[in-house]
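Notes to accompany the following structure.
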Amino acid sequence: MLIVSNATALRQRHQDYLNNYKNQEKQVHELTGLLNQLNDEKDVQVTLFGEALTNIPTSNQLALITNTKNRQVTLTVDEVLKAVQTLAQQEKLVQAQVDVGQLLANELDIAEQVAKTAEQQSAKNQASDVVLYGFGRIGRILTRLLLEQMASDKGLQLKAIVVRPGADNDLEKRASLLERDSIHGHFQGAVVVDEQNNGIIINGRFIQVIYANDPSEIDYTAYGIEDALIIDNTGKWKDEAGLSKHLQAKGAKKVLLTAPAKGNIKNVVYGVNHESIGDDAVVSAASCTTNAITPTLKVLNDKYGVENGHVETIHSFTNDQNLIDNYHKSDRRGRSAVLNMVITSTGAAKAVGKALPELEGKLTGNAIRVPTPNVSLAILNLNLKTAPADVAELNQFLEQTAHSHQWQAQIDYSDSTEAVSTDFVGTKKVGIVDAQATIVTDNHATVYIWYDNEVGYSTQVLRVAAQMAGIHYKQIPA
């Protein structure tokens, strides 16, 4: 009788869990409808602790809402649904980015928070044409990020990609590289080649493919493209004279470089100095490493003061290295990338000073390229003016910072004893502090920061692009 009784109880337990999950799925479906409605009708984007709730499977939405591993608050699907229902009832809510996670975690009144921003000037977030000049690793990641979103007639609109003239089946090959990625997996969407019009249809949107050897020879207006933001992913031109070639093309208005720039061009790290862009026509989004480390360096400098330090980057190999030993114009990079750790230089530490002038001249840096295809690790060795009491204090500060509304998009926090590089493939957070590796000795601190040098960086690039295009949203909470 006892065995039968236990079996019955276990079956009931299984059924209870299943019924609960089914109920949560229903709530998520209702939630998705409301999120889409807010986006379509009011240009309101809703996130949960900086993470998008849309364009992901139901199971992922549930996991995102109920996850407690990386935050100090437990939420239910019911709580999130009710919060979004309340948002949908706010008549004055338009053109805003709303973080329901922060609203709920801080027990903020939704109507009151909306009212606080209601009088702010609403930006005119019209469509802004975007052209990707270059279609390599970063170009294709940017394409994925732009076109995995819901179709909209507002915001950044990818209209074309520019590449050098190719051989037969060029369109097919480029479409295949977008659709299939050895690191990030299969693209979640439809990719169709349009040979007749020399373009690619991606999730129902037509993207023109333009062949050119020089930026200045292109007439974008011939393709219906006006006042375009050109995102240069080639790295071929890094100074103002070279990048200004883009502005000679008809239909081009501004240029964003996805590499560190030379000369007086601003190197921008979103979240740190993006408000300095102004009306600049040529801007750099700095490097992946500079984006990964600068936000954490800023908060550490604000809290403890940085006297000086050294940044060592353990960086995945890149396309500019050789698969097997062969001639290369740069030292050491000619040796096989997949067989060697390669010591090389990096301008990331120096570039921090451009985005964060208070640290100019205080940091040195080197890089070691290693035989992994993606995800890198930056090690910050810092001498601080004010010493943290111990590792626990420093980690607590970094964790609170990562959970704050201000920094949650740029800084993340991992306390796992099992975390390795592949765990961070695809993360859109720019830099993830590994708390288990933090070291504090007197006034010297060592902080380890993981980063997906492709997706994390590309996410920052698009934030800078939106800023350049004049796309702004009111932030709730304020």
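Pick from the stretch 409-427 the residues that are over 28 Å from Val46 (Cβ atoms) and hydrophobic (A, V, I, L, M, F, W, C): which of them is surrounded by the fewest Cβ atoms within 10 Å (Cβ to Cβ)?
Among residues in the stretch 409-427 that are over 28 Å from Val46 (Cβ atoms) and hydrophobic (A, V, I, L, M, F, W, C), the one surrounded by the fewest Cβ atoms within 10 Å (Cβ to Cβ) is Val420.
Which one of Glu91, Glu41, Glu107, Glu25 is touching a residue at least 24 places away in the same chain (Cβ under 8 Å) and out of contact with any strand residue (DSSP E or B) (no Cβ under 7 Å at 6 or more places or on another chain)?
Unique residue meeting the criteria: Glu25.
Tell me yes or no: at least one residue of the stretch 188-202 is small (Gly, Ala, Ser), surrounded by 15 or more Cβ atoms within 10 Å (Cβ to Cβ) and not in a helix (DSSP H, G or I).
yes
Test Asn233 against the stated conditions and say whether it is crowded, with 18+ Cβ neighbours inside 10 Å and not assigned by TED's automatic domain parsing to the domain that holds Thr446.
Yes; evaluated as a whole, the condition is true for this residue.
Residues to consider are Thr364, Thr318; find the one that is β-branched (Val, Ile, Thr) and in contact with a His (Cβ under 7 Å, 6 or more places away or on another chain).
It is Thr364.
Considering only residues that are in contact with a Phe, Trp or Tyr (Cβ under 7 Å, 6 or more places away or on another chain) and more than 17 Å from Tyr448 (Cβ to Cβ), look in the stretch 381-408 and name the one that is surrounded by the most Cβ atoms within 10 Å (Cβ to Cβ).
Only one residue tops the list, namely Gln408.
Evaluate the stretch 330-342: report whether one residue or more is touching a helix residue (DSSP H, G or I) at 6+ places or on another chain (Cβ under 8 Å) and either modelled with pLDDT of 95 or more or under 23 Å from Glu454 (Cβ atoms) (or both).
no
Tell me which residues, restricted to the stretch 429-453, are in a loop (DSSP other than H, G, I, E, B) and farther than 11 Å from Ala292 by Cα.
Passing the criteria: Thr438, Asp442, Asn443.
Among residues belonging to the stretch 250-291 that are among the polar types (S, T, N, Q) and surrounded by fewer than 19 Cβ atoms within 10 Å (Cβ to Cβ), point out the one that is modelled with the lowest pLDDT.
Filtering the stretch 250-291 for residues that are among the polar types (S, T, N, Q) and surrounded by fewer than 19 Cβ atoms within 10 Å (Cβ to Cβ), the one modelled with the lowest pLDDT comes out as Asn264.
For the stretch 322-339, indicate whether the set of residues that are within 16 Å of Thr290 (Cβ to Cβ) and among the β-branched types (Val, Ile, Thr) is non-empty.
No; the residues of the stretch 322-339 include none that is within 16 Å of Thr290 (Cβ to Cβ) and among the β-branched types (Val, Ile, Thr).
Within the stretch 114-169, which residues are over 23 Å from Ser182 (Cβ atoms), at pLDDT 90 or above and among the β-branched types (Val, Ile, Thr)?
Result: Val114, Val130, Val131, Val162.
Filter the stretch 241-267 down to residues that are more than 26 Å from Thr289 (Cβ to Cβ) and of a type in the set (A, V, I, L, M) and give me whichever is nearest to the chain's Cα centre (by Cα).
Ala252
The values are calculated or read from the model by the stated rules, or taken from the named source; none is laboratory data. Please read all numbers here as calculations on a predicted model, not as lab measurements. As a convention, Cβ positions derive from the backbone with ideal geometry for all residues, glycine included, and neighbour counts pool all protein chains shown.
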